[in-house]
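One structure below.
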Amino acid sequence: MSFDFFAYLNRMKYIERWSLMHSTVRENVMEHSAGVAMIAHALGVINNVVFAGDLSPDRCAAIAVFHEAAEVITGDLPTPIKYYNDDIRNAYKNIEGIAEKQLLETLPEGFRASYEPLILPGRGAEYALVKAADKIAAYVKCVEELKYGNKEFLKAKNSTLKAIRDMAIPEADYFFDKFIKGYEKTLDEME
């Protein structure tokens, strides 16, 4: 018997993000997930090194790699639509839940317990850091687009910054305060 789980995940590269906005550099879900994983790992390290926590940066990164996996079935619903009102948000969450379970069924039964905590949304500090990393990655995209002169992303940048600050996650604030300016620089300006 053949299983399609990884073939499905490989299709993340075909799902374009920011589909309602003009982008100077296109971004797909696979690229986005890799960026979120790097930032989530950093947030886990910050938790441990700066705030004397005991989270697993590796687990944060693994959760981030799979945080958009259901989109290989649902596609990427743009944020303004996804959060337009409670009815749409709840309907999308239900669809996403069905897609996540369907995706897990494309694995051999013995593998499902290993991937379920990565695919299904969870609660706890590591999941909160991944959510923050997702927002930071969106902010980085906005910064990059604005750096290329694309004002289409100005409102998204401001609303994403507000969302990051409203999360009140110390690790995200630390990352933002210490590392985000680097994304605003050109290669020649980096030290």
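Of note:
- Label-point separation, Lys147 to Asp188 (7 Å along Cα→Cβ), nm: 1.5
- Exceeding the 19 Å Cα-Cα cut-off - candidates Lys93/Lys151; Lys13/Lys162; Lys82/Lys155; Lys82/Lys181; Lys82/Lys178; Lys151/Lys178: Lys93/Lys151; Lys13/Lys162; Lys82/Lys181; Lys82/Lys178; Lys151/Lys178
- Cβ-derived FRET efficiency at R0 45 Å, Phe111 paired with Asp87, nearest 0.05: 0.80
- If you plug the beta carbon distance of Asp58 and His22 into 1/(1 + (r/R0)^6) with R0 = 35 Å, you get a FRET efficiency near 0.45.
- Selection from Phe51, Met1, Ser159 lying farthest towards where the dipole of the chain points positive, charges on Cβ: Ser159
- For the chain, the equivalent ellipsoid derived from the Cα gyration tensor has semi-axes of 27, 21, 16 Å, listed largest first.
- Highest average packing first - 5-11, 61-67, 102-108, 28-34, Cβ atoms within 10 Å: 61-67, 28-34, 102-108, 5-11
- In this simple spin-label approximation, Lys181 and Val45 carry label points 7 Å from Cα along the Cα→Cβ vector, and these lie 1.9 nm apart.
- Dipole magnitude (debye, nearest 20) for the stretch 5-182, charges at Cβ of Lys, Arg, Asp, Glu: 520
Each value in this text was obtained by applying a stated rule to the coordinates, not by laboratory testing. Computed from a prediction, not measured in an experiment: that's the story for all the values here. Quick reminder, even Gly has a Cβ in these numbers, built from the backbone with ideal geometry, and neighbours come from all protein chains shown.
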